[in-house]
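A quick write-up on the structure given underneath.
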Amino acid sequence: MERDPRKYLWDAREAACAIIAFTRAIDPLAAERIPDFRKIVGFRHVIVHGYDAIDSRLVWRTVQEDLPKLIATLSGLLPDQ
């Protein structure tokens, strides 16, 4: 059975909420170790608050190209499990 497309929106919303919590609670020294941290926070504001018109191509490119890099960076900051 195919997944209801609305569930993807719920997942995206939950991810945005997690980013909010992360950006509010992150230690400034840790933020310095994340390339483009301020741009990440700014992009989150654009998506969540809908500043101007959201360019879906930019969002898609960010998800496809930049998000994997961010995941790799954050994984490198985590202690080995």
Open item on the list: Which count do you get for residues in segment 1-36 that are within 18 Å of Val59 (Cα to Cα) and of a type in the set (Asp, Glu)?
Closed with: 3
- [ ] Kindly indicate the residue of segment 27-81 that is acidic (Asp, Glu) and assigned to a loop (DSSP other than H, G, I, E, B) and also surrounded by the fewest Cβ atoms within 10 Å (Cβ to Cβ) among those meeting that condition.
- [x] Asp80
Open item on the list: Going by what's in this entry, would Arg13 be described as modelled with pLDDT under 80, among the basic types (Lys, Arg) and surrounded by 10 or more Cβ atoms within 10 Å (Cβ to Cβ)?
Closed with: yes
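Is one or more of the residues making up segment 66-74 among the charged types (D, E, K, R) and on the phi < 0 side of the Ramachandran plot? So that I can check it myself, show each step before the final result.
Taking segment 66-74 and keeping what is among the charged types (D, E, K, R), we get 66, 69.
Add one more test, that the residue is on the phi < 0 side of the Ramachandran plot, and what stays is 66, 69.
Yes: one or more hits.
The values are calculated or read from the model by the stated rules, or taken from the named source; none is laboratory data. Please read these numbers as outputs of a predicted model, since none were measured by experiment. Neighbour counts run over all protein chains shown; Cβ positions are idealised from the backbone, glycine included.
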